[in-house]
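Undergrad: Pasting a structure here, questions to come.
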Amino acid sequence: MARSDVILPTEPVRELPTVRSISPWDLWDALVKGFDDFRAMPTHVLFLGLIYPIAGLAIARWTFGYDLVPMLYPLIAGFALIGPFAAIGLYELSRRRELGLDTSWWHAFDIVQSPSLRAIMALALLLLSLFAAWLLVAHALYVASFGEYSQPTTLAELLRRVLSTPEGHRLIVVGNAVGALFALAAFALSAVSFPLLLDRNVGMATAIITSVRVILENPFTMALWGLIVAAGLVLGSLPFLFGLAVVMPILGHASWHLYRKAVAREAGPRPEFEPRPRAPRYAADFPSSLFFPLSRKQRRRAE
């Protein structure tokens, strides 16, 4: 009997995707292929990659502008929690290059035509919720350590408190331990989820279950992959975050190739999106046409 995704039904799922065993050598091969994708599409990939350091700098400017200096590190570190969704356009470019299709930069936005778009957005919302929860916990930890009304106004003052006081040392240990738990949860939810949703017309539940199964099947290899991603993000963050413009695209492309190694290909062809023809809209319908969708009769007439 066919099963439907219990969270976001798409097409009947007769069986979950087949998960394969992978080795550390597969990680290296995925990174090599990721770098090859980056080298083959450098201009527009760099353009997309600049989103990450610009977002990081915007976060930094926002925290200083609103006297939220203690939240600077949690905000930048927590950005990695939503990194898998932020890199979804890179997965699409790697997928198209793999199939020999055009890889112009605007194809990174083809995800809006994916049959699994609702599941993609639902999973992205879940990661954003995890990111928000991390910020709340990080703020609570800071308040528990230094008090609610002890807010530093400069980065130098924050570093002095954190690095030279017992409360700061305790905050470093506890904060990073709690952050690691959030990172582990995000990793389990999204290790291969977004590439799977791009590749197949499945729902969020199927994608998450498959992601967890990949980790359980390959605990050492996937833990090593998590360390590689974390080290890459730290390395890319050092020169004022602009190293992320190179590191994030390479890791994004490599994640697609890792998915290809960890999850067996589907036997049938990938479902393609076919947009519905739009019914004509008339000036007399304005502005109601902005707020009310087409009726069933209008949709049938358009088809």
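Undergrad: Only residues that are hydrophobic (A, V, I, L, M, F, W, C), modelled with pLDDT of 85 or more and within 25 Å of L244 (Cα to Cα): list them for segment 94-123, please. So that I can check it myself, show each step before the final result.
TA: So the first thing to find is which residues in segment 94-123 are hydrophobic (A, V, I, L, M, F, W, C), and the list is 99, 101, 105-106, 108-109, 111-112, 117, 119-123.
Now drop any that are not modelled with pLDDT of 85 or more, which leaves 119-123.
Once the filter is applied, which keeps residues that are hydrophobic (A, V, I, L, M, F, W, C), modelled with pLDDT of 85 or more and within 25 Å of L244 (Cα to Cα), segment 94-123 yields I120, M121, L123.
Undergrad: Given the residues L155, L181, L159, L189, which is the only one that is within 14 Å of the chain's Cα centre (by Cα) and of a type outside the set (F, W, Y)? Explain how you work it out, then say what you get.
TA: Working: L155 fails: within 14 Å of the chain's Cα centre (by Cα); L181 fails: within 14 Å of the chain's Cα centre (by Cα); L159 fails: within 14 Å of the chain's Cα centre (by Cα).
Unique residue meeting the criteria: L189.
Undergrad: Which pairs turn up if I take residues in segment 121-137 that are touching a residue at least 60 places away in the same chain (Cβ under 8 Å) and over 13 Å from G83 (Cα atoms) and look for partners that are assigned to a helix (DSSP H, G or I) and among the aromatic types (F, W, Y) with beta carbon separation below 8 Å, at least 6 apart in sequence or on another chain?
TA: Every condition considered, the pairs that remain are W134/F182.
Undergrad: Filter segment 160-186 for residues that are out of contact with any helix residue (DSSP H, G or I) (no Cβ under 9 Å at 6 or more places or on another chain) and outside any helix (DSSP H, G or I) and give the result.
TA: none
Undergrad: Would you confirm whether any residue within segment 137-151 is of a type in the set (V, I, T) and farther than 27 Å from L31 by Cα? It would help to see each step written out before you state the result.
TA: We begin by selecting, within segment 137-151, every residue of a type in the set (V, I, T); these are 137, 143.
Adding the requirement that they be farther than 27 Å from L31 by Cα leaves 137, 143.
Within segment 137-151 (the criterion being of a type in the set (V, I, T) and farther than 27 Å from L31 by Cα), the answer is yes, since at least one residue qualifies.
Undergrad: When the residues of segment 99-117 are filtered to those that are in a helix (DSSP H, G or I), over 15 Å from the mean Cα position of the chain (by Cα) and in contact (Cβ under 8 Å) with a residue 24 or more places away in the chain, which remaining residue is farthest from I250 (Cα to Cα)?
TA: From segment 99-117, those in a helix (DSSP H, G or I) are 105-113, 117; that's our starting set.
This time we only want the ones that are over 15 Å from the mean Cα position of the chain (by Cα), so: 105-107, 110, 112-113.
Filter once more, keeping what is in contact (Cβ under 8 Å) with a residue 24 or more places away in the chain: 105, 113.
Working: W105: 15, Q113: 24 Å.
The qualifying residue farthest from I250 (Cα to Cα) is Q113.
Undergrad: Of the residues Y91, Y52, only one is at pLDDT 80 or above, assigned to a helix (DSSP H, G or I) and hydroxyl-bearing (S, T, Y); which?
TA: Numbers: Y52 fails: at pLDDT 80 or above.
Every option except Y91 fails the conditions.
The values are calculated or read from the model by the stated rules, or taken from the named source; none is laboratory data. Bear in mind the structure is a predicted one, so any value in this text is a computation, not a measurement. Note that each Cβ is placed from the backbone with ideal geometry, even for glycine, and that neighbours are counted across all protein chains shown.
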